[in-house]
Every structure is written in structure tokens, then in C-alpha cells.
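Structure first, then comments.
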Amino acid sequence: MNILVINCGSSSLKYQLIDMKDEKVLAKGLAERIGIEGGRVKYEAEGHDEVVIEETLADHKAALKIVLDSLKHEEYGAVKSLDEIDAVGHRVVHGGEDFAESVVIDEKVMKVVNDNVEIAPLHNPPNIIGIEACREIMGDVPMVAVFDTAFHQTIPAVNYIYALPYEYYEKYKVRRFGFHGTSHQYITERAAKMLGKDLDDVNLITCHLGNGSSISAVIGGKCYDTSMGFTPLEGLAMGTRTGDMDPAIVPFIMEKEKLTPDEMSSVMNKKSGVLGISGVSSDFRDLEEAAEEGNDRAQLALDIFENRVRKYIGAYLTEMDHCDGIIFTAGVGENSITTRERVAAGLKSLGIKLDAEKNDMRGKEAIVSAQDSSIPLLVIPTNEELMIAMETARLV
Ligand code: ADP
């Protein structure tokens, strides 16, 4: 069974075609700059050089058309005809309280996803456009929506209700939803296998540390708590997002700087985090380089980032009676040897110990803790596309 995985952003469309027989990626790529000048589609298929098609992409439908033409191209295509694509799996950011699992897309599902635009105005619209474009071009091929929020729907009220007047939850659904769920779910399932435990029986702390970052507490294979909230802004300090801070800062800065709600939201989402602190970059490689060259604010940004990761790990340990593993994933978690080192160093008082030699690697599945560590530390490269494909295959 071949599954096409689609992840639409506001001006981009990422895709992978996966053969579920052996979970092999037959082709993958990215359409960029949709709706603005300088559009291009990158396409990479097994056994062929990368192809880059430079063409104005008026909308997502135009981009998808080029992607599908590439997939069945007679020279470098991965399939002979689109009939060989058995189903499409779509990443959808926000399922609200309506979807605790992936679902086959039909009109009813689309209505609910559309209704959730109110609580995810930045994220759901491009996902909806992607689904509609696929429907128009690919006709009746079965499609599945896999939600970033679904894995977190098991979080109990004690962790999803904010200490605000309860009526805001009832009237506006203001509550913790959590994001990166597909990634937390994937590494949870992989970690259970690596640790030789039943999924129902595994307690974990999963750290997705990338440009956006979040940490989850997983009890019995199910999410119990997570650091992102009503939006992806809460929790860790991220590439460009503030994470946790005193909410009173928001009206204070708005007044001082004469900012509208949209402008303030943009400051907190796009100009803050390690970029805002350092003034150097949101990219952790740039920060590590700058810190090594003696840039104090780059070092401070890294210190704040790592400190907050440790604090969340500490807090989540208090929510479970034991922990079978702490998992690192995503760009920083998989690749930054020093971040893992420094996070672990601050957890010594809990008996957690890293093995420097085992930790000296990037981007591979491994247990990187010392034999006598109180809790195993694992690195597991995340694979959201494969998780979406697995969910799609399961449902169709
Ligand atoms: P997202 O999917 O949220 O855009 P990623 O999970 O791809 O982000 O993570 C991107 C981050 O990972 C960047 O900040 C990048 O600097 C960091 N990263 C990638 N490789 C390394 C590395 N070798 N060392 C440190 N950081 C790295």
C-alpha cells in the first residue's frame, strides 16, 4: 500500500510517498513560496538526482499538481500512475476537543475542522486548503486527517484547565490542547519497543526539542501532561516563541509599545525565544557557534532553554510514580550533543547520568545514559510522516 503524506503550511507543502510494505520512502519533497513570487518544487525519488522545478505557484492546488506530475513522471517518477497511490494522510494541526484520534475525512469531519479554525486561525486554514486541493485533483482516493492535538486528548482536566474563570473554557474552549502530538506518539511507541515494555505499561517524558519545542508526560502509553497549551506558545523557550512568562507582561508591553493584539502576538511568536534573548539567531547551531566565540547573550539563550527543559522534566517526574525513560527528539534533541549533555548534567541530583561516549552521536536511535542511571535517556529521531502514514494505513 502506497500512502501520500501531505503537510501544508501557509506558503508551503511538504510531501512523502511511503510504501507501507517496508515503510520505504519512494519520493519526498517540498513546494515552497506558494502564492508569492519565486515558487519552486523540490522532488527527490529513490535512485534519481534531486529535481527542482522553478515555477510560480499560484496556490496549493497548483503546487500539488506539480508534485503529482513529478510522482508519475516517466523519467524520474516513483509510480506509473496516480492509481498506485492508495490513500492520502493529511497533517491537521488542530482537532480541538472533537478528535482524540485520526479519522477518515468526510464532509462531517471537514465541517468540524472548519469550525476549529476559530481556535486555530493560523494553522488550520492551510491544512483545509491542502485537503480541498487533493480532493479536487485526486477525486475519491481515501484521505485521513491526523491531528497534532489528538495524542494529547487523554490529558485530564487537572492538567488542561487554566486557572481562569471556568466560563472561558465553556464559552470559548480556552484550555490546554498541546501540539506535536504525532511526534510524541511516534517516539512513545518506539521507546516502548526499545525498552522492551508494553505500550500500556510505559511511563515516559518525551522531549521534542526543535525550532518549536514541547515536552510531554506519558503515563501508561497515554499523554498525561504537555507543555504547549491553548496555542503552541506556552512552555519551553523556543526558536522564536516566548514559552512561559508572566501574563501581565502582555498588556504592559502592548501599552508601552502601542501594539495591537496581532502585533503583540507576532512579537511573542516570531521575535522572542532564543532569537529574542540572543539577538543572534533562532537556529541552535548558530547559537552554539556564537556562544563558543564568547557571545554572552547567545550563551544566556542556551542556558535559559536548557534550564527550562530541566524544570519541565523535574515537574513531570512528580506526576508519575516511576519513569521508564526520558526521550530526546527533533532537530535539537536528536543532533545537539551539548544540549543533551547539559540537560542531563542538571539532573544529577535525581540519579540521572549520561554516558558521554554513547551520547557522542547525532540522529540515530540509541540509549545514551550510563548503566547505573536511575532513568534511561534515549535519543529517537522523530518521524511524523511515517506516523501519519501508519495511521492512514490503519484507517483505510
Ligand atoms: P522544526 O521542525 O520545528 O522546524 P527541527 O526539529 O527541524 O525544527 O529543528 C530545527 C532546529 O534543530 C534548528 O534550531 C537547528 O539549529 C537544530 N539543529 C539541527 N542540527 C543541529 C546540530 N547538529 N546541533 C545543534 N542543533 C541542531
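The values are calculated or read from the model by the stated rules, or taken from the named source; none is laboratory data. Note that the structure is a prediction, hence the values are computed from the model and not measured. As a convention, Cβ positions derive from the backbone with ideal geometry for all residues, glycine included, and neighbour counts pool all protein chains shown. Areas reflect the complete protein model, heavy atoms only, side chains present, ligands, DNA and RNA absent. Shrake-Rupley method; radii C 1.70, N 1.55, O 1.52, S 1.80 Å.
Given +1 at the Cβ of Lys and Arg, -1 at the Cβ of Asp and Glu and no other charges, the dipole of the stretch 129-248 around its Cα centre is 140 debye to the nearest 20. Comparing the stretch 1-123 with the 2.2 N^0.38 Å rule of thumb, its C-alpha radius of gyration ratio is 1.14 (two decimals). Placing unit charges on each Cβ (+1 for Lys and Arg, -1 for Asp and Glu) gives the chain a dipole about its Cα centre, and among 125, 62, 85 the Cα reaching farthest toward its positive end belongs to 125.
Per residue, the stretch 325-396 exposes 42 Å² of accessible surface when a 1.4 Å probe is rolled over the protein heavy atoms with every protein chain present. With an 8 Å cut-off on Cα pairs and a minimum separation of 6 or more residues, tell me the relative contact order of the chain in percent. Contact order relative to length: 14 percent. For the chain, the mean residue ellipticity at 222 nm estimated from helices alone is -10500 deg cm²/dmol, where every DSSP H run of n ≥ 4 contributes -39500 (n - 2.57) and the total is divided by all residues, rounded to the nearest 500. Distant-in-sequence amide contacts of residue 226, defined by a placed amide H-H separation under 5 Å and a gap of 5 or more residues or a different chain, comprise 217. With a 1.4 Å probe rolled over the protein heavy atoms of all chains, the accessible area of 189, 44 falls in the order 44, 189, largest first. Of 111, 173, the residue with the largest accessible area leads and the full order is 111, 173 (1.4 Å probe). For the peptides 244-250, 297-303, the ranking by mean Cβ contacts within 10 Å, running from highest to lowest, is 297-303, 244-250.
The GNM of the chain, with springs linking C-alpha atoms under 10 angstrom apart, assigns the highest mean-square fluctuation among 325, 196, 279 to 196. Computed from Cα atoms, the angle from the helix 124-138 axis to the main principal axis of the chain rounds to 20 degrees. A simple spin-label model places pseudo-atoms 7 Å from Cα toward Cβ; at residue 300 and residue 198 they are separated by 5.1 nm. For the stretch 268-389, the fraction of 1.4 Å probe accessible surface lying on carbon and sulfur atoms is 47 percent. Taking only protein heavy atoms and a 1.4 Å probe, the accessible area of the stretch 109-195 is 56% carbon and sulfur.
Between 372, 19, 86, the Gaussian network model of the chain with springs among Cα atoms under 10 angstrom shows the greatest mean-square fluctuation at 372.
Cross-link reach is defined here as a Cα-Cα straight distance under 24 Å, omitting same-chain residues fewer than 8 places apart; for residue 222 the lysines meeting it are 173, 193, 197, 311. Summarised as an ellipsoid, the chain has semi-axes of 33, 26, 23 Å, derived from the eigenvalues of the Cα gyration tensor scaled by 5 and square-rooted, with the largest first. Stretched out straight at 0.36 nm per residue, the stretch from residue 58 to residue 311 would grow longer than its current Cα-Cα span by 86.5 nm.
Hey, any idea what the orientation-averaged projected area of the convex hull of the stretch 198-351's Cα atoms comes to, in nm²?
Mean projected area for the stretch 198-351: 10.0 nm², to one decimal.
If R0 is 30 Å, what FRET efficiency do you get for residue 245 and residue 348 from their C-beta distance, rounded to 0.05? My answer for the efficiency is 0.60.
With a 1.4 Å probe and every protein chain left in place, work out the accessible area per residue of the stretch 44-187 in Å², rounded to a whole number.
49 Å²
Oblate is the label for the stretch 139-208, because the ratio a/c of its alpha-carbon gyration tensor axes (a ≥ b ≥ c) is 1.5 or higher and a/b is not greater than b/c. Given a 1.4 Å probe and every protein chain left where it sits, what share in percent of the accessible area of the stretch 1-99 is carbon and sulfur? Here carbon and sulfur together make up 41 percent of the probe-accessible area. Note that the stretch 7-24 has calculated 3J(HN,Hα) couplings of 10, 9, x, 5, 10, 9, 9, 9, 9, 8, 9, 10, 8, 6, 4, 10, 6, 8 Hz, one per residue in order, obtained from phi through the Karplus relation 6.51 cos²θ - 1.76 cosθ + 1.60 (θ = phi - 60°); glycine and proline are x.
Could you compute the net charge surrounding residue 286? Neighbours are other residues with a C-beta less than 13 Å from the C-beta of residue 286; K and R count +1, D and E count -1.
Charge balance near residue 286 sits at -3.
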